[in-house]
Amino acid sequence: MTKNKMSDTLIIKNVNKTFEVNRTKVEVLHHVDIEIRSGEFICIVGHSGCGKSTLLKIIAGLLECDSGSVILAGKARRGPDVDVGMIFQDHRLFPWLTIKENVALGLDNIPKDRRNRILSEYLALVNLTGFETAYPHQLSGGMAQRASMARSLVNNPKVLLLDEPFGALDALIRVQMQHEILRIWEKEKTTMILVTHDIDEALYLADRVVVMSSRPGAILDIFQVSLPRPRDRASASFLNLKAAIYAYFTPAGHPAESETARP
Amino acid sequence: MNGSKKVAKKNIAVYGIYAFADSHYYLSIPQMSELLKKTARFTNYVFLPTLIFIAWWFVTEHEYFPPVIMPSMKAVAASFLKQLESGQLSRDILVSLIRVAKGFSIAAALGISLGLLMGVSKTINRFFALPLNSIRQIPIIAWIPLVILWCGIGELSKVVIIVLGAFFPVLVNTVFGITQVPKDYIEVGRLFRISRWKMFTKIYLPSAIPAIFEGLKLGLSNSWMIVVAAEIIAASSGIGYRINDARSLMQSEVVIVGILIIGLIGLVLDQAFVWGAKLLTPWARTK
């Protein structure tokens, strides 16, 4: 498929968000600023509740930010649209629809034969050919999550947001899914923003790893990962980067030796 | 001689052991415990009913109460067969069931449509909430005199009373079903910018179906109870009329046949609904 996504830069400009919880204001996002190239793979790591999910929902248009803006391909985003897809920790497939019907959710006003062609193409992409008429409860966690990916990808989004997509899967399936997502990313060239608290996963996947602090959620650091893919999780450079990122989450904060560990 | 006898005895003993051991081959210990479990479960189910029947038999056998008040099982069975043969029983049941069918289908149609509207629109919900919630508190039996005044004692009054009784559980459960749709699903709908109509047909409605079924089930069992009550108060046909008529004639066995049949039909209607609901919501079936 031919897509021109070269100009589809995503700019997150000074985004702030405050929630009111029990009459006290909680600053969730504080001056979040980042520019993401088209086709880039970004991973955001941080503690649970550091506002990562809120940031994704703002990018998706499900939430509005208090100030700042999200600009995709030169246009400020207002509300959800087909340009940005999102995948959650739980697959959120509708249990009453078959896999095919679920994946077809966002496909409207398309001639039937073309629609079927798109559906089988994307079901094949996520290795779910043959499961068209199955119901979500008949699928394993990994398969359901892949179906959920297909559901987002059929709309051919410019940006795909993944909110801890493998968090509910066991460790072995996780590794498998990481391969899957890379394969899909390389094929579709979609900009990916994946939120995780698994540093290993972030380093394995991302072009850049964004480290976020919690309360308020702010960008602490951005690590460029220029290791060639597929990455060796046991290589020295991988482990060095890992140590450097881990340092942000140790009780002491950000010890000095991690500076030397950065390449 | 002596020796061969001993051998024979020993053989029997050995054979006995083998026979015992053999049974283990046919029925392993887990299988046996499974069988035991099933038996225990079955016993669990039928224990109390059996006890009740034994008590009934005991009380009537010794005639602790006059047979006119407490008929024997035999008398009840004879009355059942007689009513079955004369066709009276099936006529009574049919009349009552037709009333339920009319009243329940009207109540279901009204309850589901208004419930859906109240579920999706807060304005419609607020508009109806106060009167409907107050009316809901009134026992259905209390409506019967007014309905008779307004609609007479013909078929219409029975149907109206059933509608009143079945409408509210359907309505309340439908509204509940629509309003408890998981926010996660709605978020997905928003994310894909699906139309309001599709949001309703693909998310709200299917998500509410189990609750709607629950309401329909309650409504149906209400209808069955109410038709009997209404027939006891004012009717010249139906199973409720039959037991009240038999009471005035001191035919306690006819009353008991009627009561048992009412219970049985209620049970069958309820189970039929459970099966129907399972059939219509294949996704709700567990793995």
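The values are calculated or read from the model by the stated rules, or taken from the named source; none is laboratory data. What you are looking at is a predicted structure, and each value in this text was computed from that prediction instead of being measured. Cβ atoms come from the backbone with ideal geometry, glycine included; neighbour counts cover every protein chain shown.
Let me confirm something: among B:Thr179, B:Thr201, which residue is within 13 Å of chain A (Cβ to nearest Cβ), farther than 17 Å from B:Phe104 by Cα and β-branched (Val, Ile, Thr)?
Exactly one residue qualifies, and that residue is B:Thr201.
Starting from residues that are more than 7 Å from chain B (Cβ to nearest Cβ), of a type outside the set (D, E, K, R) and in a helix (DSSP H, G or I), keep the ones in the stretch A:100-109 and report whichever is nearest to B:Pro206 (Cα to Cα).
Ranking the qualifying residues of the stretch A:100-109, first place goes to A:Asn102.
Out of (1) surrounded by fewer than 18 Cβ atoms within 10 Å (Cβ to Cβ); (2) β-branched (Val, Ile, Thr); (3) over 20 Å from B:Leu216 (Cα atoms), what's the single condition that is false for B:Ile98?
(3)
Tell me, please, whether a residue that is modelled with pLDDT of 90 or more, surrounded by 14 or more Cβ atoms within 10 Å (Cβ to Cβ), among the basic types (Lys, Arg) and part of a helix (DSSP H, G or I) can be found in the stretch A:77-99.
No.
Within the stretch B:115-229, which helices (runs of 4 or more DSSP H) (wholly inside it) include 3 or more residues that are surrounded by fewer than 14 Cβ atoms within 10 Å (Cβ to Cβ)?
B:122-136, B:140-151
Within the stretch B:70-104, track down each residue that is in a loop (DSSP other than H, G, I, E, B) and in contact (Cβ under 8 Å) with a residue 40 or more places away in the chain. Can you show your working first?
Initially, the stretch B:70-104 is screened for residues in a loop (DSSP other than H, G, I, E, B), giving B:70-72, B:87.
Passing the criteria: B:Met70, B:Pro71.
Please verify whether the stretch A:67-88 includes one or more residues that are within 12 Å of chain B (Cβ to nearest Cβ), of a type in the set (A, V, I, L, M, F, W, C) and either free of Cβ contacts under 8 Å to residues at least 24 places away in the same chain or in contact with a Gly (Cβ under 8 Å, 6 or more places away or on another chain) (or both).
Looking for residues that are within 12 Å of chain B (Cβ to nearest Cβ), of a type in the set (A, V, I, L, M, F, W, C) and either free of Cβ contacts under 8 Å to residues at least 24 places away in the same chain or in contact with a Gly (Cβ under 8 Å, 6 or more places away or on another chain) (or both), one finds at least one in the stretch A:67-88, hence yes.
Of B:Gly240, B:Gly258, B:Gly219, B:Gly276, which residue is out of contact with any helix residue (DSSP H, G or I) (no Cβ under 7 Å at 6 or more places or on another chain), away from every other protein chain (no Cβ under 14 Å) and small (Gly, Ala, Ser)?
One residue alone meets the criteria, B:Gly276.
Anything in the stretch B:237-273 that is touching a residue at least 12 places away in the same chain (Cβ under 8 Å) and surrounded by fewer than 12 Cβ atoms within 10 Å (Cβ to Cβ)? List them, or say none.
B:Met250
Test A:Phe131 against the criterion of being closer than 20 Å to B:Ile194 by Cβ and of a type in the set (Phe, Trp, Tyr), and give yes or no.
Details: closer than 20 Å to B:Ile194 by Cβ: no; of a type in the set (Phe, Trp, Tyr): yes.
Considered against the rule, which asks whether it is closer than 20 Å to B:Ile194 by Cβ and of a type in the set (Phe, Trp, Tyr), A:Phe131 comes out as no.
In the stretch A:214-247, how many residues are in contact with a Gly (Cβ under 7 Å, 6 or more places away or on another chain) and surrounded by fewer than 17 Cβ atoms within 10 Å (Cβ to Cβ)?
Of the residues in that region, 1 qualify.
Any idea which of A:Ile11, A:Ile44 is aliphatic (A, V, I, L, M), assigned to a strand (DSSP E or B) and surrounded by fewer than 23 Cβ atoms within 10 Å (Cβ to Cβ)?
On inspection, the qualifying residue turns out to be A:Ile11.
Condition test on A:Leu161, is it modelled with pLDDT of 95 or more and within 28 Å of B:Ile194 (Cβ to Cβ)?
Judged against the criteria, A:Leu161 is a match.
Any idea which of A:Leu128, A:Leu139 is farther than 22 Å from A:Ala60 by Cβ, more than 14 Å from every other protein chain (Cβ to nearest Cβ) and either surrounded by 18 or more Cβ atoms within 10 Å (Cβ to Cβ) or out of contact with any helix residue (DSSP H, G or I) (no Cβ under 9 Å at 6 or more places or on another chain) (or both)?
One residue alone meets the criteria, A:Leu128.
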